[in-house]
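The values are calculated or read from the model by the stated rules, or taken from the named source; none is laboratory data. Note that the structure is predicted; figures quoted are calculated from it, not measured. Methodologically, a virtual Cβ is constructed for each residue, glycine included, from the backbone with ideal geometry; neighbour enumeration extends over all protein chains shown. The area values use the complete protein model at the heavy-atom level, side chains included, leaving out ligands, DNA and RNA. Shrake-Rupley method; radii C 1.70, N 1.55, O 1.52, S 1.80 Å.
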Amino acid sequence: DRGAIWDALESKEVYGTSGDRILLWFDLMRESNDERVPMGSSIVRNLAPQFEVRALGAFEQKPGCPADSLSALPQDRLQRLCGGECYHPGDLRKRIERIEIVRIRPQISADEPVEALIEDPWKVLPCPPDEVSCTVRFSDPDYSAGQRDSVYYARAIQAASDTVNGAQLR
């Protein structure tokens, strides 16, 4: 419901996609009991963090448009808007090829160069070639030695696929 969406935005337990509807979970793992601290959390710690990223590829699309789209818009409008190809998910999912981790550390002073503080990507973690889902764990061994805050960003890279209307509405 709307309240749940706003709650997720406020707690930062959200992610964005510029394309396919990939599912993603990015959690900090507590050492003591494998308890998960969800993405968007802010915690204080001295030990090197251990993270787990889980990603599941988007559904493979069926050709054409589903019946509800066909009944909602005239055929010529569907053709003009999306080339006759709507969101029409099948049962199979696309494969996640790899997980990329970006590490960002804030400046200590205003004159500190930011180029070395944004590491994109910092880690590249391959996914199994024969699975559509991917689970990887990683740690930042430099965290304790660096004695500065860090922000970690996970990017799931899905296998390439054809797109319709790649130029948007131009």
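Quick notes on this structure:
- In summary, residue 139 fulfils each of the numbered conditions (1) open to solvent by less than 60 Å² (accessible area, probe 1.4 Å); (2) without any contact (Cβ under 8 Å) to a residue 60 or more places away in the chain with the single exception of condition (2).
- Among strands (runs of 3 or more DSSP E) entirely within the stretch 100-167, having at least 3 residues that are among the aliphatic types (A, V, I, L, M) and within 16 Å of the chain's Cα centre (by Cα) singles out 151-158.
- Single unsatisfied condition, residue 83 versus (1) more than 15 Å from the chain's Cα centre (by Cα); (2) open to solvent by 60 Å² or more (accessible area, probe 1.4 Å): (2)
- Hits in the stretch 8-47 - residues which are acidic (Asp, Glu), in contact (Cβ under 8 Å) with a residue 12 or more places away in the chain and more than 19 Å from residue 140 (Cβ to Cβ): 13, 20
- In the stretch 1-17, the qualifying residues are those that are open to solvent by less than 100 Å² (accessible area, probe 1.4 Å) and among the charged types (D, E, K, R), and the one that is farthest from residue 162 (Cα to Cα) is 7.
- One residue stands out in the stretch 108-136 among those that are of a type in the set (Val, Ile, Thr) and within 16 Å of residue 57 (Cα to Cα): the one that is most open to solvent (accessible area, probe 1.4 Å), namely 135.
- Subset of the stretch 94-107 [open to solvent by 40 Å² or more (accessible area, probe 1.4 Å) and touching a Pro at 6+ places or on another chain (Cβ under 8 Å)]: 95, 97, 98
- Unique residue being among the charged types (D, E, K, R) and either assigned to a strand (DSSP E or B) or surrounded by fewer than 11 Cβ atoms within 10 Å (Cβ to Cβ) (or both) when the list is 91, 20: 91
- Among (1) in contact with a Leu (Cβ under 6 Å, 6 or more places away or on another chain); (2) charged (D, E, K, R); (3) within 30 Å of residue 142 (Cβ to Cβ), the one test that residue 60 misses: (3)
- Take the conditions (1) within 15 Å of residue 149 (Cβ to Cβ); (2) over 25 Å from the mean Cα position of the chain (by Cα); (3) of a type outside the set (Val, Ile, Thr); residue 71 misses just one of them, which is (1).
- Out of 57, 90, 64, one residue alone is of a type outside the set (Val, Ile, Thr) and in contact (Cβ under 8 Å) with a residue 60 or more places away in the chain. It is 57.
- Residues in the stretch 31-80 that are among the hydrophobic types (A, V, I, L, M, F, W, C) and either part of a helix (DSSP H, G or I) or open to solvent by 100 Å² or more (accessible area, probe 1.4 Å) (or both): 44, 47, 67, 70, 72, 78.
- The listed residues are 51, 26, 59, and the only one of them that is aromatic (Phe, Trp, Tyr) and touching a Phe, Trp or Tyr at 6+ places or on another chain (Cβ under 6 Å) turns out to be 51.
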